[in-house]
Amino acid sequence: METQKVQVAVIGSGFGGLTAASLLAKTGLQMAVLEQNNYPGGCASSYKRKGYWFETGATTLVGLDEEMPLHYLLEQTGIQLPLLHLDTPMQVRLSDGTLLTRYPDLEDWIREAERVFGGQGQRPFWETCFQISQKVWRTSLKQLSFPFGSLGDLWQAATAVRWEQLGLVPKAFQTVKDLLAQHGLLHNKRFVSFVDQQLLITAQNHHQEVNVLFGATALCYTLYGNYYVLGGLRKLSESLVEYLEQHHGQMLYRRFVKQITPAESGNYLIDTEKGLVEAEFVVCGLPLNNVHQLFQSTDTKKKLERYLLPPEDVNGALTWGLVFERSSSTPQVLHHQIHVPGKVPFIGSESIFVSLSHPQDHQRAAPDMCVASVSTHVARPKEQWIEEKKELEQWVVQFLASQGFFLEDQVKFVQAATPGAWIEWTGREWGQVGGYPQYQGIKPWQMKDARLDGHKAYLCGDTVYPGQGIPGVCLSGIIAAHKLLRDHFKEKVNVLHQ
Ligand SMILES: Cc1cc2nc3c(=O)[nH]c(=O)nc-3n(C[C@H](O)[C@H](O)[C@H](O)COP(=O)(O)OP(=O)(O)OC[C@H]3O[C@@H](n4cnc5c(N)ncnc54)[C@H](O)[C@@H]3O)c2cc1C
């Protein structure tokens, strides 16, 4: 079989890889995206079953406000997404049955938090978090050389630095636990439990581990523009794929990459299940644990080793797809975090996240039906092989019926997917999802930066800086594209600002 030659090969069509691919395609580089699956999007995609569209993983979308990564991506590419703005981003049900609404306005939210958790400390806690989150977002796109991997990066950062940005550094040394303590909230058990479950879905860890920089930003995501994607999250990646193809890029599906080796020419030889691809540049949009396995060069392997997390430190997910008849009791709010009294059976997680299809979204379900995507964390996915799928399907129907989402006989379909399914869908080692959890011992500047081997290979995705979520991996793709251009095509960097 003949070796296919491309200028830049992006491995994986997750949102990180597709962001980098779209921006680089804009500058005229010849792009090819190699994807093991037969559709794009990875953890942020949708699949069709029985005529309904279910979300694979991600369901909430933020990052579109000014100075945020998706805003930048859409502005640079002119891509338009089928979005609906959500007036109410989320509701949370505590295990004692209390319902609280995460209003998008700070004052409304503080009033709600005080109503549910008591007056002490709520206002200063949330005002502090919101201020930090605003500074973090304002800084994120101004410091595209961060984390620094070269003197050039440092110079770049120094020329862009502002006092406000330096003021954020001490926040990386504090944890959310410190912040709770400062505001007299550490002994407010209900509030700490609320904070923990909110952090788990946004930073993949608890208040003892998550630093204030990430934690404050994560806790405040409902205070920014929250959107629903009509047709499902797959529309995000499909829009980027369309842009890529209009800019002479190609999508190569069913191309599982087995190995990447340096060629004598200085290029990379990419061994896929459908033959060899030779690329001058590589951008890997896979988790670091997977990337580590692809590179045979001991030098590159060694460079990555100190960034790898063991399986006991990452999370997997159990997800359910449900279809039920809409009725007058179907909740109006689309996203719900529900604390589970006595924990989720067999798994032991403390909450589930439920996202409903929008009543105006007739692509995903007919007007009289609703699709629910439900997920929960699975700790130590390598050890926890879930055999009780049927029992968990029954449990989720009964539990959501008890919460008033529907009557049991209104449910037309339910199916659970375990971390084993994630291995198949996304190829991620151990079925790990959601990126590396935030750990106290790992400061933002100690996360892996976008340069993979110091040569012509780059990295993005949710296990490198800045980490989890669609806005996070979008930023990582923007950074990878910028670093590649600055290192090899300085004259093209400005194309990204036209
Ligand atoms: C259950 C769940 C709920 C979530 N909820 C949200 C949410 O509501 N909002 C939010 O913002 N984020 C959410 N996230 C997180 C978010 O979806 C991910 O962080 C993000 O989509 C990851 O993107 P990525 O680019 O890093 O990689 P991935 O999405 O992992 O994409 C990697 C791609 O590479 C492909 N691939 C893997 N190995 C190979 C190989 N060897 N060769 C070729 N291709 C390969 C995979 O098939 C995949 O398409 C959620 C995640 C999960 C799992």
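Taking trypsin sites (Lys or Arg not before Pro) across the stretch 176-239, none is in a DSSP loop with at most 14 further Cβ atoms lying within 10 angstrom of its Cβ. A DSSP coil position with no more than 14 other Cβ atoms inside 10 Å describes the following trypsin sites (Lys or Arg not before Pro) in the stretch 15-124: K50. Which percentage, to the nearest 5, of the DSSP beta bridges contained in the chain is antiparallel? Expressed as a percentage, antiparallel bridges in the chain total about 70. Computed from phi, the 3J(HN,Hα) profile of the stretch 36-43 under the Karplus parametrisation 6.51, -1.76, 1.60 (θ = phi - 60°) reads 5, 8, 9, 8, x, x, x, 6 Hz, with x in place of Gly and Pro.
The helix-only estimate of mean residue ellipticity at 222 nm for the chain, built from DSSP H runs of length n ≥ 4 each weighted as -39500 (n - 2.57), is -10000 deg cm²/dmol after division by the residue total. Summarising the amide proton neighbourhood of G14: residues at separation of 5 or more, or on other chains, whose placed amide H is nearer than 5 Å comprise G41. Would you mind checking the tilt of helix 389-402 against the longest principal axis of the Cα atoms of the chain, expressed as 0 to 90 degrees and rounded to 10? The angle comes out near 50 degrees. In the stretch 269-403, Cα pairs under 8 Å separated by at least six residues give a relative contact order of 24 percent. Averaged over residues, the count of other Cβ atoms within 10 Å places the peptides 426-433, 396-403 in the sequence 426-433, 396-403, highest first. Spatial offset of the stretch 29-60 relative to the stretch 290-323 amounts to 20 Å, using the alpha carbon center of each.
The phi torsions of the stretch 128-143, fed into the Karplus equation with coefficients 6.51, -1.76 and 1.60 and a -60° offset, translate into couplings of 4, 4, 5, 4, 4, 4, 5, 5, 4, 5, 5, 7, 4, 8, 8, 10 Hz, rounded to whole numbers, with Gly and Pro shown as x. Label points 7 Å out from Cα along the Cβ direction at F148 and V161: separation in nm? Placing both labels 7 Å along Cα→Cβ, they lie 0.7 nm apart. Each of W155, I79, P170 was placed along the dipole of the stretch 71-210 (beta-carbon charges, centred on the mean Cα), and the one lying farthest toward the positive end is P170. Across all C-alpha atoms in the stretch 201-297, the radius of gyration and Dmax reach 19.0, 52 Å. Taking the empirical scaling 2.2 N^0.38 Å for compact globular proteins as reference, the chain has a Cα radius of gyration ratio of 0.95.
Each Lys and Arg adds +1 at its Cβ and each Asp and Glu adds -1 at its Cβ; summed about the Cα centre, the stretch 111-228 shows a dipole of about 220 debye. A Förster radius of 22 Å combined with the Cβ-Cβ distance from K390 to F413 puts the calculated FRET efficiency at roughly 0.95. The phi-based Karplus calculation (6.51 cos²θ - 1.76 cosθ + 1.60; θ = phi - 60°) puts the 3J(HN,Hα) values of the stretch 238-251 at 4, 5, 5, 4, 4, 4, 4, 5, 5, 10, 6, x, 10, 9 Hz, whole numbers, x for Gly and Pro. Would you mind checking the tilt of helix 15-26 against the longest principal axis of the Cα atoms of the chain, expressed as 0 to 90 degrees and rounded to 10? Computed tilt is about 40 degrees. Calculated FRET efficiency, R49 and K189, Cβ-Cβ r, R0 56 Å, to nearest 0.05? Calculated value: 0.90.
Taking amide H as placed 1.01 Å from N in the peptide plane, the amide H of M369 sits under 5 Å from that of R326, each at least 5 places away or on another chain.
The GluC sites (Glu not before Pro) found in the stretch 1-109 that occupy coil by DSSP, while having at most 15 further C-beta atoms within 10 Å, are E2, E66, E67. Computed over the Cα atoms of the stretch 312-431, pair by distinct pair, the Kirkwood hydrodynamic radius stands at 14.9 angstrom.
What dipole magnitude, in Debye to the nearest 20, does the chain give about its Cα centre under +1 on Lys/Arg Cβ and -1 on Asp/Glu Cβ? Walk me through the intermediate numbers first.
On the way: 45 positive and 50 negative charges, 107 e Å.
Computed about the Cα centre, the dipole is about 520 debye.
Model label points for Q398 and E242, set 7 angstrom from Cα along the Cα-to-Cβ axis, are 4.5 nm apart.
Read the figures in this text as sums done on the coordinates, not as results from a lab. A quick note: this is a predicted structure, and the numbers were derived from the prediction, not measured. For neighbour counting, all protein chains shown are included, and Cβ atoms are generated from backbone atoms with ideal geometry for every residue, glycine included.
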